[in-house]
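Read through the structure below, which is laid out as structure tokens, and then see the notes.
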Amino acid sequence: MKVLLMHRDRDFDPHESLRDVMYGYRDAHENLELQLSKHDQALIQDLELNVLLRTMAGGDDFLFEVARKAILSGCKNDPETILYRQQTLRDCLKNATVMRQLYEITVEATEETRKRWWSISSYQHPSSILYRAIDMLEVLSQKLRKLRNISEAQAGMFESEAFRTLFAMLQKELSDEYLARVEGHLSDVKFRKGVLLSAELGDRNQGTNYMLRRPSREEPNWFKRMLGKGPQVYTFHIAERDQAGAEIVSDMRHRGISRVAVALAQSAEHVLGFFKMLRIELGFYIGCLNLHDRLVAQGSSFCFPVPFAAGEQKHQFRGLYDVCLALQLNCKIVSNDMEAGGKHLIVITGPNQGGKSTFLRSIGIAQLMMQAGLFVGAEMFEAEVTPALFTHYKREEDASMESGKFDEELARMSNIADSVVPNAIVLFNESFAATNEREGSEIARQIVCALLEMRVKVCYVTHLYTFARTVAETNDGQALFLRAERNPDGTRTFRIIEGEPLETSYGEDLYRQIFEVNEQRGYRPKRAPSVIASELCSER
């Protein structure tokens, strides 16, 4: 049985360590952290994705890992998969209570098996394997019946292909007749009246071809049992202290039931595997519900984006905001609009602390959310899918002093260059500003030109005026220039508007603001004004 809630033709592909998280292993989170690529680690750090993931998880470690796996693997999805998940998510939003009931059943099934049994394959004797498999199947069959009952009662409330397929499968495969037959078989293989075996004599009179036989289901009534004669059979009895004889009989019994034990163990693992996968895929949508509830509670808007195939050069949005920042502040924040269809390069300049980095982060988060099949934080959003998303943000100085800041930037850029593919997206945030203006601008220009030649889309936030001006002067219509808005009095609106790059970033606005506030409070800054100004101003 396949779940098919996240893909039309296959189950979601979680890592084995994700299953370990389901069972509460201590080192599972550490293993998953180690397995993240450098690019994934950079995405989580630069886009502050942990804020989004914690909101989706709602304090549940398992949901956190499901959300992380789904979002980081979203670049593998095509538009059809994204629309398939969107349709499924719409059903979840309309039937949130039913969704949580279904998820709770999967949690009960997996948690009860975790508390009562280890892996069946860890047991050595066929009898142990058999009875633990029976016990597990009895519990899981009860959970299957609950799933079937919900599907029968609620199927009419769901419209998506995913849930219609799932509910149809549950109703077809788990009929009352089928479940009753399963219960009957489980009762039979408990062998309450003993085990009926047949065997043949092989070489040296050794037993061979052991076969388990089904006993007659017809039992004589009490009157026949009292007056009738029993069947003519040969019997033998083992003496109380005949340990060797008891072991021989036990070995014969194990040989006879071994095939049944293996078959039941495989069936139990198969059913449990279905519940594990159902929990994983439902867990993704439960995370979406948690995120939806949080955004609605704080009054933030969202929409279902429109995905286009890679290479169609579609990218526009209205009312886009940084979801992670909104979740941190727990309120609505300033949103922005952009029309960048047919543009391969987006250069964002403007005053310090004007919202440029936040705007860039909102683009990256929205792209990942769209490709994972989620809604995005915007009034309208449409974009082409990308096979890979990379971030190259400025970093603090290396505390270990193993390399300089500029060397570290170049090393990360080299890693990106080794992995970048056509139609990928690279987000630069004040990259190559660790060196002087002329050298940083030339490095940025050459790297951007090389990426554009590979048909890679680039979004670049920069204070390198020489770089921005050079790109503007040679613009052939493929570049879009945006600028953080600044009011005449120096205040920031945190809105991003179209505009050519300016030679200044107005760092002195921030310097005056801090210096004047400190004077009003009755003390001078601890550092000299020239030092503060050099930190606030990025221009030459």
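So for the range 306-505, taking the charge dipole from beta-carbon charges (+1 Lys/Arg, -1 Asp/Glu), which of Ser414, Pro501, Leu320 sits furthest toward the positive end?
Selected residue: Leu320.
Amide H to amide H under 5 Å from Tyr393: which residues, 5+ apart in sequence or cross-chain, H placed 1.01 Å off N in plane?
Asn429
Label points 7 Å out from Cα along the Cβ direction at Glu439 and Val296: separation in nm?
Going by the 7 Å Cα→Cβ label model, 5.5 nm.
May I ask you to evaluate 6.51 cos²θ - 1.76 cosθ + 1.60, the Karplus curve with θ = phi - 60°, for each residue of the range 478-487 and list the ³J(HN,Hα) values in order in whole Hz, giving x for glycine and proline?
Rounded to whole hertz, the list is 8, 10, 10, 10, 10, 9, 5, 6, 9, 6.
For Leu480, which sequence-distant residues (separation of 5 or more, or a different chain) have an amide H within less than 5 Å of its own amide H, given hydrogens modelled in the peptide plane?
Counting only residues 5 or more places away or on other chains, the set is Leu345, Ile346, Val347.
So how strong a dipole does the range 286-433 carry about its Cα centre when Lys and Arg Cβ are +1 and Asp and Glu Cβ are -1, to the nearest 20 debye? Write down the numbers at each step before the final one.
Details: 11 positive and 17 negative charges, 86 e Å.
Dipole about the Cα centre, nearest 20: 420 debye.
Give me Ile443, Ile348, Ile150, Ile129 sorted ascending by neighbouring Cβ count inside 10 Å, so fewest comes first.
Details: Ile443 19, Ile348 26, Ile150 16, Ile129 23.
So the residues, fewest neighbours to most, are Ile150, Ile443, Ile129, Ile348.
Cβ neighbours within 10 Å, averaged per peptide: list 352-360, 337-345 in order, most packed at the top.
Numbers: 352-360: 22.2, 337-345: 17.1.
Packing proxy ranking, top to bottom: 352-360, 337-345.
List, in the order given, every pair from Lys2/Lys69; Lys146/Lys276; Lys76/Lys405; Lys332/Lys356; Lys2/Lys146; Lys76/Lys314 whose Cα-Cα distance in the structure shown is over 22 Å. Could you put the intermediate results ahead of the total?
Working: Lys2/Lys69 19 Å; Lys146/Lys276 16 Å; Lys76/Lys405 33 Å; Lys332/Lys356 18 Å; Lys2/Lys146 18 Å; Lys76/Lys314 18 Å.
Cα-Cα > 22 Å for Lys76/Lys405; rest within.
A short reminder: the numbers here are calculations on the coordinates, not readings from a lab. The structure displayed is predicted, hence computed values, not measured ones. Counting neighbours? That spans all protein chains shown, and the Cβs are built from the backbone with ideal geometry, glycine included.
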